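This report refers to the structure that appears directly beneath it.
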Amino acid sequence: MRICLLSYRGNMYCGGQGVYVYYLSKYLARLGHNVELIQGPPYTWETPWCVEHRLSNYNLFATRKFFYKNLPSPEHLFRLFYPENFYEFLATRLGFFPEMLGFSLRAYATLARLWREKRFDVIHDNQTLGFGMLLIQKSFPSPLLTTIHHPLSEDQRADFQQLPGFTHRLRRAVYYPLLMHKLVVPRLEQIVTVSKVAAQSVASAYGIPQEKVAVVYNGVDTEIFKPDPRVQKKRRQLIFVGNTEDRKKGIRYLLEAMLYLPRDVRLLVVDGGAPRHIVMSELMHRYNLGERVRTTGKIPTEQVARAYQESEICVVPSVYEGFGFPPAEAMACGVPVVSSDGGALPEVVGKDGETGLIVPKQDVRALAKAINLLLEKPELAARVAENGMRRVRELFSWESSAKNMVALYEEMIERRNRLRKLAH
C-alpha cells in the first residue's frame, strides 16, 4: 500500500504528535508498505524507511518580541511575500497560531505536485485540521484519515485555569484556531484517535457522532524503553518528562507537591519542548525549590530511557492527556508511576494500586501523598512496577498500532470503492 502521512510538526521534542508520526511511519514500513512523509518544522529525526518532503514555514515559535527572528535569507526574502508565508509570519508575531492553516495549504500544493507522478492509496493527516485538509479531501481520489490526539480546547481550558489576569487569558483565547477546527473537523471523512477518552472528547468538542471516531492506541518502543539492571538508581529521585510550557502537563502541581515531600526528594525534569522555559522559571522562583529540581533540556531518546531507569518514580500530573507517552514509557522501563486522572491517563496506567497510583488531577496534597507512599513502601513500588511493565508489553506495541491502522485504511478504501460503484 502507498501511504502519505502529513504532520505539521515532525520532531519528537514537539510532543506526542512527533513521537506518533516517527514510530507509525517506521512500523508501517516494517509491515512492507511504501510510506512518504510530508512534514513541517521542527522536522523529525532521520527516517530512512520513508521518503520525506520537508516544508518550510515562517512560524518556528516566534513571537512579537522576536519580530526579526527566522526571517528568510536575503536571497529568498521575496518568498516572505507569498500569501501563505506572509500570513503565517505576521499572524505569529501578532500572537496567533497560524501553523496548522499554513501547513495544510502547503501540504495541498505539495500533494498536487506529487500526484502528477505517483498515486497514494491513502492520505493520513496527523492533527493539522486546517482548511487545506478539506481541499485535499475533495481534490484527490484517495481516502483521507485524520488523527486527532485531543481537541485544542483542552489546551485552552488548561491555560484559562492557570493563567493570571484577564489580559493573559484573552491572548490565549485568540491564540488557538478553534473556529477553524469547528468548521473543518465535522466535514472530515474519518477520524482516528488514541484512546477511548480522547474519542469521547473529540466527539463532544466537535459535535460529531462517536461512531465516526475510531480508536487505535499508541505504542511504546520497548526496544529502547526497557529495564536495565546495570543502571544504578538515584535514591529518592522523581522524574517528569514533558513540555513544561504546556500548562496541560501540570508541572505546576508537581512543583507545589515537592513542598510537601521530604527535602531529600529530588526531581529530574526532562523537557525538550519550547525553547524558552518561562513557566518553569517562574514556578521555581515562586516555590524556592533551589537545588531540589534539575532540568536536562533536549536529550536523545536513549538518554530519556536511562533517565527513567535511574529514577525511583515517574510522576505524571497532567490536567489532560489524550494518551500519555511518559507513563507508558516509564512503565515499560519498570519504573512505578504516580499519575493524575486527567483525560486518558487511567486508561493507560490501568488499575489504581495495581499497575500505578492514580490521584485526582490538580490535587497537590494527594499527589504528594501517593509519591511518599511509594518512596516509603519499596515492596509496593516493586509490585506496581512489575505489573505496569507487563501491562505496557501486552497492550501498547507499535506493531499492533500499525496493523490496526492498516486495517482502518483498508476499510476506508473498501468503503470509497463501494461508493464509486454505487455512483456509477
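Quick look at the numbers
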quantity: Charge dipole (segment 265-424, unit charges on Cβ, about Cα centre) - positive-most of Leu408, Ala328, Gly297; calculated: Leu408
quantity: Arg390 paired with Arg119, simple spin-label distance in nm, labels 7 Å along Cα-to-beta-carbon; calculated: 5.0 nm
quantity: Cα gyration tensor, segment 221-361 - rounded (a/c under 1.5), prolate or oblate; calculated: rounded
quantity: Viscosity 0.890 mPa s, temperature 25 °C, Stokes-Einstein D of the chain from Kirkwood C-alpha radius, µm²/s; calculated: 109 µm²/s
quantity: Fewest-first ranking of Lys233, Lys361, Lys212, using other Cβ atoms within 10 Å as the exposure measure; calculated: Lys233, Lys212, Lys361
quantity: Two-site FRET efficiency, Glu411 against Arg79, from Cβ-Cβ distance with R₀ of 45 Å, rounded to 0.05; calculated: 0.65
quantity: Residues listed by number, segment 89-125, amide nitrogen under 13 Å from His53 label point at 7 Å toward C-beta; calculated: 104-125
quantity: Separation between Cα centres of segment 396-420 and segment 344-374, rounded to whole Å; calculated: 35 Å
quantity: Rough spin-label spacing in nm, given labels placed 7 Å along Cα→Cβ, for Met1 and Ser204; calculated: 3.1 nm
quantity: Phi to ³J(HN,Hα) by Karplus 6.51 cos²θ - 1.76 cosθ + 1.60 over segment 249-261, Hz, x for Gly, Pro; calculated: 6, x, 4, 4, 6, 6, 5, 5, 5, 4, 5, 9, 10
quantity: Entries in Lys233/Lys403; Lys212/Lys361; Lys118/Lys298; Lys212/Lys249; Lys226/Lys361 that, when Cα-Cα distance is taken, lie over 32 Å; calculated: Lys233/Lys403; Lys118/Lys298
quantity: Segment Ser400-Ile224, extension gain: residue separation times 0.36 nm, minus the distance between their alpha carbons; calculated: 61.6 nm
quantity: The chain: relative contact order as a whole-number percent, Cα under 8 Å and 6+ apart; calculated: 14 percent
quantity: The chain - mean residue ellipticity at 222 nm from DSSP helices (-39,500 (n - 2.57) per run, n ≥ 4, rounded to 500); calculated: -13500 deg cm²/dmol
quantity: Likely footprinting exposure, Ile299, Ile371, fewest C-beta neighbours within 10 Å first; calculated: Ile299, Ile371
quantity: Theoretical gain in end-to-end length, Ser139 to Ala109 [0.36 nm per residue, Cα-Cα removed]; calculated: 9.7 nm
quantity: Burial ordering of Tyr175, Tyr108, fewest other beta-carbon atoms within 10 Å first; calculated: Tyr175, Tyr108
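Computed from the coordinates by the stated procedures, all read-outs in this text should not be read as laboratory data. All figures in this text were calculated on a predicted structure; none of them were measured in a lab. Positions of Cβ are backbone-derived with ideal geometry, glycine not excepted, and every protein chain shown enters the neighbour counts.
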